[in-house]
Amino acid sequence: MFEFKVQPVDGGDEYRVTADSRDIYVWEKTGKGRSLATLRDNPTMAANYEIAYQAARRQRLFVGTMAEFAELNVLDFTEDGEDEDPTHGEA
């Protein structure tokens, strides 16, 4: 569903993490009023970090707290099917 490129700020190797429905489910259950629809309509950086953190923990790519994940990593993210350059291919 969502792919994140995670760049550790300490100069460690960049890695990719993919969040799927399990990660979105956990994110929805941990906060009132959260849904996939609101995430798509009004994405926040906090939500993206929380979802990337959940996916990284599930895939055993990160061990630590959410606060540590946010402090130690920079995110670059795209949603599946989203063209990274929306003008690509236009003439």
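May I ask you to list the residues in the stretch 1-19 that are open to solvent by 40 Å² or more (accessible area, probe 1.4 Å) and assigned to a loop (DSSP other than H, G, I, E, B)? If you could, list the steps in order and put the result at the bottom.
The initial filter retains those residues of the stretch 1-19 that are open to solvent by 40 Å² or more (accessible area, probe 1.4 Å), namely 1, 3, 5, 7, 9-11, 13-16, 18.
Hits for the stretch 1-19 are M1, V9, D10, G11, D13, E14.
What number of residues within the stretch 64-91 are outside any strand (DSSP E or B) and at pLDDT 95 or above? First the steps, then the outcome.
First, the residues of the stretch 64-91 that are outside any strand (DSSP E or B): 64-72, 80-91.
Checking the rest, the ones that are also at pLDDT 95 or above come to 64-72.
Qualifying residue count, the stretch 64-91: 9.
Being at pLDDT below 95, assigned to a helix (DSSP H, G or I) and not aromatic (F, W, Y): is that true of R40 here? Yes.
Among residues belonging to the stretch 1-20 that are farther than 17 Å from F69 by Cα and modelled with pLDDT under 95, point out the one that is nearest to the chain's Cα centre (by Cα). The selected residue is F2.
The values are calculated or read from the model by the stated rules, or taken from the named source; none is laboratory data. The structure presented is a predicted model; accordingly, all values stated were derived computationally and were not measured. When the accessible area is computed, the model is the full protein with side chains, heavy atoms only, and any ligands, DNA or RNA have been set aside. Shrake-Rupley method; radii C 1.70, N 1.55, O 1.52, S 1.80 Å.
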